[in-house]
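FYI, it's all coordinate maths here, none of it is from the lab. Values in this document were obtained by computation on a predicted structure and should not be read as measured data. FYI the Cβ positions are ideal-geometry reconstructions off the backbone, even for glycines, and counts take in every protein chain you see.
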Amino acid sequence: MIRLLEEKDRQAVMAYVSEESSINLFLIGDIEAFGFEADFQQVWGQYDREGQLEGVLLRYNENHIPYWKGKDFNTEHFTRIIEATKGKIIISGKASIVKHFEGIFPNLKSRSMLFCELVEGANLDMTTQRAKRPIPKGTYSSVKMATIDDAQRVHDLLNHIGEFTGLGNTVERIQRKITNQTGRI
């Protein structure tokens with residue numbers, strides 16, 4: 001059984017996805033920041049016959065983040081939900097899960113990304129973290145936190161960076177990140 005989740009489901013969902021919190025960083029962060037009632041975000045839960053949560057699917061705009069633990073997971077319900085997306089479809093998350101959707105959607109945006117996690121930082125020598133090349137004087141007059149007025153310029157900049165193109169960065173979404181403080185700009 002699958003159903004759209006609500007605020008009352010928060011504790012169960014967070015416990016389920018937090019077992020692999022690093023992998024589920026964006027899923028967890030989006031639920032913490034926007035909950036279950038945002039118009040641009042929905043969260044579904046798939047349950048087994050005993051009523052135990054066995055999978056979670058988060059939709060944030062056109063980006064979908066599926067997550068489950070078992071190897072014998074039936075993706076049919078998640079596939080139908082994702083198929084209902086109009087336009088571009090992005091599926092991100094754990095590589096072993098995302099691969100289940102390859103070849104199903106003709107307009108699927110897929111790309112491999114590297115994952116890096118600092119597990120033990122006690123031996124990290126912060127003195128060696130300096131730039132290998134000095135930053136030329138006058139390059140940056142100041143660094144400041146972006147405001148709503150900067151959204152268009154941030155948008156234009158992101159569209160010139162290959163890794164960020166095609167991810168649905170609109171001026172409105174950048175403004176939302178600035179307003180809600182859910183992005184680093």
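Expressed to the nearest 5 percent, the antiparallel share of DSSP beta bridges inside the stretch 2-109 is 80 percent. A quarter of the convex hull surface defined by the alpha-carbon atoms of the stretch 1-58 gives 3.7 nm² as the mean projection.
For the peptides 152-158, 172-178, residues were scored by their other Cβ atoms within 10 Å and the scores averaged per peptide; the highest-first order is 172-178, 152-158. Each peptide in 70-78, 51-59 gets a packing score, the mean of other Cβ atoms within 10 Å over its residues, and the list from highest to lowest is 51-59, 70-78.
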